[in-house]
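What follows is a short report on a single structure.
The values are calculated or read from the model by the stated rules, or taken from the named source; none is laboratory data. Owing to the predicted nature of the structure, the values given are computational and were not obtained by experimental measurement. Cβ: placed from backbone, ideal geometry, glycine included. Neighbour counts: every protein chain shown.
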Amino acid sequence: MNPQPPQRQLRLEIPANLSAHYSNTVIISHTQSEIVMDFIQVMPNDPRARIQSRVVMTPVNAKLFLRALTDNLARFEERHGEILIPPQPPTLADQLFGGTRAPDEENPDADS
């Protein structure tokens with residue numbers, strides 16, 4: 001039987017000048033060795049999208065972050081109910097051509 005190594009205790013320090021940033025969008029990109037997340041604030045009637053903060057992680061740490069976020073969202077939903085995601089807006093192609101159909105698609109039950 002292998003003894004478990006003692007768990008490391010971290011003392012979390014929050015700087016007095018730490019500021020929280022609201023973000024309603026994130027752009028995620030990556031290199032071979034890094035995952036880059038730009039947290040962005042997009043406001044109505046403002047054409048600018050401001051990057052509030054950038055977080056860079058190794059792919060392993062990003063996957064561990066995803067696991068922790070998934071676990072925490074599941075606990076949140078257990079306590080507060082399901083988080084409903086609004087329908088995604090259609091793509092520009094769907095907006096322009098979504099209502100058009102090929103002639104054979106207009107009435108699929110019609111005899112040829």
Problem - Within the stretch 37-48, tally of residues that are in contact with a strand residue (DSSP E or B) (Cβ under 8 Å, 6 or more places away or on another chain) and either modelled with pLDDT under 90 or acidic (D, E) (or both) - result: 1
Completion exercise
Conditions (1) over 20 Å from T25 (Cβ atoms); (2) at pLDDT 60 or above; (3) not aromatic (F, W, Y) -> S112 fails only (2)
Practice task
From the list V26, V60, pick out the single residue that is among the aliphatic types (A, V, I, L, M) and assigned to a helix (DSSP H, G or I).
Solution key: V60
Fill in the blank from the handout: By residue number, the members of the stretch 1-34 that are within 21 Å of N61 (Cβ to Cβ) and under 22 Å from the mean Cα position of the chain (by Cα) are H21, S23, V26, I27, I28, S29, H30, T31, Q32, S33, E34
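Which of the residues belonging to the stretch 29-57 are among the hydroxyl-bearing types (S, T, Y) and part of a loop (DSSP other than H, G, I, E, B)?
Matches in the stretch 29-57: T31, S33.
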Practice task
Answer yes if at least one residue in the stretch 54-61 is over 14 Å from the mean Cα position of the chain (by Cα), among the hydrophobic types (A, V, I, L, M, F, W, C) and under 25 Å from I83 (Cβ atoms), and no otherwise.
Solution key: yes
